[in-house]
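See below for the structure under consideration.
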Amino acid sequence: MKKLLTIFFAGFLSFTTMANENLYPLITNVPNRDVTSLNGDWDYIVDRYEVGYYDYRLKPSQWGFFKDQKPKSETDLVEYSFEASDKMFIPRDWNSSDEKLYFYEGTVWFRRAFEFSPKQDERYFLYFGAVNYEALVYLNGEYIGSHKGGFTPFNFDVTDKLKEGENFVVVKVDNTRHKDEVPTVNTDWWNYGGITRDVLIIEEAETFVRDFSISLSEDTYTEISGWVQLDGENPQTSVKVSIPELKKEVSVTPDENGRGAFSISAKPELWSPENPKLYEISLSVAGKTMNEQIAFRHVDTRGNEILVNDKPVYLSGICIHEEAPFRGGRFNSAAEAHTLLSWAKEMNANFVRLAHYPHNEYMVREAEKMGILLWSEIPVYWTISFTNEETLQNAKNQLEEMITRDKNRGAVIIWSLANETPVSDVRNHFLTQLVEHARSIDDSRLISMAMEKEYHDAYTPAINDPLMGLVDVVSFNSYIGWYDGLPEKCSKMNWELPVNKPVIISEFGGGAKQGHHGTKNQIWTEEFQEELYIQSVAMFEKMNLAGTCPWILMDFRSPRRLLPGIQDGWNRKGLISNDGIKKKAFFIMKDWYELKN
Ligand code: GCB
């Protein structure tokens with residue numbers, strides 16, 4: 001195994017390994033495929049010193065925990081045991097699963113034994129919805145590959161590695177923060193570690209549709225087009241694409257690389273927030289059929305407007321972190337996604353900013369069913385190592401995985417590439433490459449990034465980011481009335497905004513502890529937050545905006561928020577408390593958005 005080992009002593013040891021080895025091109029539309037779930041109870045060993053990986057000379061050991069050794073005799077020395085270790089339900093972050101791991105950052109080994117019966121001529125892929133942050137994956141004692149990045153899916157071809165009968169997967173998960181990673185060491189959210197999303201074995205025929213794209217063709221409402229990507233020994237097998245409800249069917253013959261384009265003349269009913277119509281489509285190859293649910297819609301800009309199906313839409317937005325309501329921790333279920341998105345709907349929102357990393361697929365699909373437009377972003381946040389080429393490759397890879405997974409989700413209208421990154425030549429260069437990369441994979445979405453404002457004079461803020469010209473939507477975060485003066489400052493502002501592009505306020509707001517009451521002049525009270533929202537929306541009325549996203553729907557855990565009695569490890573800017581109680585400011589947004597839509 002290729003390993004790059006960096007050790008430095010700064011009061012602790014830090015290991016950096018090579019990333020993304022042996023990944024198989026990402027298989028998409030996983031929720032509609034034949035799978036065996038490996039979710040459930042996994043054994044786990046907390047390995048503070050990485051003894052399961054390195055020997056006492058700090059060299060990778062041949063006899064690491066991935067071997068899952070068991071003593072063969074009464075005198076056999078084996079200093080670990082998965083079987084005798086605690087169990088954790090996967091998918092779940094370890095911080096909210098085990099009290100002892102609440103603050104833990106480091107390595108945990110997970111093991112799952114399972115019975116399997118591989119079928120002749122079928123192919124099998126081991127799929128992870130997400131593992132935060134670095135995963136080294138082993139199957140039956142053998143190294144399979146690795147992945148870096150805590151919020152995107154990855155898979156390995158394990159066709160030749162699965163056995164009849166008992167098999168075991170071992171995953172070494174390390175959520176240690178590093179300066180050169182994506183995100184970097186400094187964030188305002190909890191670094192939940194673990195196998196946080198589904199673990200599945202995907203079963204496919206020898207030749208199968210690995211990936212595909214289907215959408216309305218550009219500039220028309222009467223044609224659907226796309227492509228299929230076959231994988232296997234017979235890449236030129238024909239693929240039947242059908243949309244039964246429209247009584248349409250087309251046969252595609254891919255080229256020698258398995259790639260085939262198609263178009264269908266059809267006039268589908270359009271998906272929109274008011275009418276979240278989805279079409280069942282199917283793709284059949286050599287007798288095997290796979291379904292998918294598709295939203296047909298257009299998204300565009302015109303001057304400073306955002307258009308959905310050629311109609312201007314005000315993005316009545318709200319930011320959401322992927323944190324579970326009521327119980328805390330990461331969530332990975334349609335039910336919890338539904339709870340959060342229902343609150344957004346109750347607030348009259350038609351748009352959600354999925355902050356600050358790609359959310360789980362349940363969230364994206366649930367939003368699509370509910371008619372909620374989405375902004376999806378990668379965790380290029382604050383002070384990323386813009387000078388490091390590996391950091392750029394890592395960010396590009398996370399971007400690619402996000403777009404690959406969700407390109408068929410019509411609900412997603414914006415890919416965002418960065419949040420509050422400090423302007424400099426190296427940062428501009430880094431982000432320019434990300435913009436180019438995003439457009440080269442998917443040119444049909446709007447590109448944005450959350451920028452920062454600057455002051456021309458005391459009350460004249462402007463957006464001067466040199467990358468404004470590159471993006472389709474100019475977004476910026478602004479905390480006037482919280483980090484920047486008191487709420488009444490809002491009434492004094494004379495904004496200078498770009499006129500030729502849509503402008504969104506991608507964050508604003510302030511903190512309040514739910515149930516803490518006082519006057520509107522007392523910080524941390526619901527009344528202060530309410531006043532801040534009253535002043536903010538009055539200011540927005542005077543700006544020519546295409547959308548607004550309060551920060552944030554629900555209070556969320558953050559190691560940066562330490563004020564006892566008020567924060568206690570929570571960012572309190574939620575409009576709803578972490579136990580689901582709405583604060584007063586929620587209703588300011590609800591009433592304002594009712595007028596906007
Ligand atoms: C920001 C960040 C967000 C923070 C928020 C805050 O500008 O983008 O991640 O959580 O401010 O609460 O300060």
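The values are calculated or read from the model by the stated rules, or taken from the named source; none is laboratory data. The model shown is predicted, which means the values in this text are computed figures rather than measured ones. Counting neighbours? That spans all protein chains shown, and the Cβs are built from the backbone with ideal geometry, glycine included. Calculation scope for accessible area: heavy atoms of the full protein, side chains included, ligands and nucleic acids excluded. Shrake-Rupley method; radii C 1.70, N 1.55, O 1.52, S 1.80 Å.
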Candidates His356, His321, His298 - the one that is modelled with pLDDT of 95 or more, within 16 Å of the ligand (Cβ to nearest atom) and in contact with an Asp or Glu (Cβ under 9 Å, 6 or more places away or on another chain):
His356
Residue under question is Asp55, and the condition is that it be among the charged types (D, E, K, R), in the same structural domain as Leu162 (by TED's automatic domain parsing) and surrounded by 14 or more Cβ atoms within 10 Å (Cβ to Cβ); does it hold?
no
With the checklist (1) β-branched (Val, Ile, Thr); (2) more than 15 Å from the ligand (Cβ to nearest atom); (3) within 15 Å of Trp551 (Cα to Cα) in hand, flag the one item Ile447 doesn't pass.
(3)
Could you tell me whether any residue of segment 420-429 is β-branched (Val, Ile, Thr), within 16 Å of the ligand (Cβ to nearest atom) and open to solvent by 30 Å² or more (accessible area, probe 1.4 Å)?
yes
Pull up segment 549-572, narrow it to residues that are assigned to a loop (DSSP other than H, G, I, E, B) and touching a helix residue (DSSP H, G or I) at 6+ places or on another chain (Cβ under 8 Å), then point me to the one that is farthest from Leu341 (Cα to Cα).
Pro550
Only one of (1) hydrophobic (A, V, I, L, M, F, W, C); (2) within 16 Å of the ligand (Cβ to nearest atom); (3) in a helix (DSSP H, G or I) fails for Met589. Which number is that?
(2)
Please identify the pairs in which a residue from segment 260-279 that is under 28 Å from Ser238 (Cβ atoms) and touching a residue at least 60 places away in the same chain (Cβ under 8 Å) has its Cβ atom under 8 Å from the Cβ atom of a residue that is open to solvent by 20 Å² or more (accessible area, probe 1.4 Å) and part of a strand (DSSP E or B), counting only partners at least 6 apart or on another chain.
Leu278/Gln293
Restricting attention to segment 536-554, does a residue exist that is open to solvent by 50 Å² or more (accessible area, probe 1.4 Å), over 23 Å from Tyr381 (Cα atoms), away from the ligand (no atom under 14 Å from the Cβ) and of a type in the set (Val, Ile, Thr)?
no
Arg439: within 23 Å of Trp382 (Cα to Cα), more than 16 Å from the ligand (Cβ to nearest atom) and charged (D, E, K, R), yes or no?
yes
When you scan segment 201-208, do you find a residue that is in a strand (DSSP E or B), open to solvent by 20 Å² or more (accessible area, probe 1.4 Å) and without any contact (Cβ under 8 Å) to a residue 60 or more places away in the chain, even just one?
no
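Assess whether Trp524 counts as being over 21 Å from Ile320 (Cβ atoms), aromatic (Phe, Trp, Tyr) and within 16 Å of the ligand (Cβ to nearest atom).
yes
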So, first residue within 14 Å of the ligand (Cβ to nearest atom) in segment 497-509, second residue modelled with pLDDT under 95 and open to solvent by 40 Å² or more (accessible area, probe 1.4 Å), Cβ within less than 9 Å, six or more apart or across chains; the pairs are none
Scanning for something away from the ligand (no atom under 16 Å from the Cβ), among the aliphatic types (A, V, I, L, M) and under 23 Å from Val30 (Cα atoms), does segment 304-313 turn up at least one residue?
no
The one condition Trp42 fails out of (1) open to solvent by less than 60 Å² (accessible area, probe 1.4 Å); (2) more than 14 Å from Phe168 (Cα to Cα) is (2)
Residue hits (segment 280-292; in contact (Cβ under 8 Å) with a residue 60 or more places away in the chain and part of a strand (DSSP E or B)) are Ile281, Leu283, Val285, Lys288, Met290, Asn291, Glu292
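So that you can scan it fast, the table gives a plain yes or no per residue for (1) open to solvent by 10 Å² or more (accessible area, probe 1.4 Å); (2) charged (D, E, K, R); (3) without any contact (Cβ under 8 Å) to a residue 60 or more places away in the chain; (4) within 22 Å of Ile372 (Cα to Cα):
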position: Gly515; (1), (2), (3), (4): yes, no, no, no
position: Ile523; (1), (2), (3), (4): yes, no, yes, no
position: Glu530; (1), (2), (3), (4): yes, yes, yes, no
position: Ile566; (1), (2), (3), (4): yes, no, yes, no
position: Arg572; (1), (2), (3), (4): yes, yes, no, no
position: Leu575; (1), (2), (3), (4): no, no, no, yes
position: Ala585; (1), (2), (3), (4): no, no, no, yes
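Which residue, of Leu216, Leu230, Leu315, is farther than 25 Å from Glu400 by Cα and touching a Phe, Trp or Tyr at 6+ places or on another chain (Cβ under 9 Å)?
Values: Leu216 fails: farther than 25 Å from Glu400 by Cα; Leu230 fails: farther than 25 Å from Glu400 by Cα.
After ruling out the rest, the residue left standing is Leu315.
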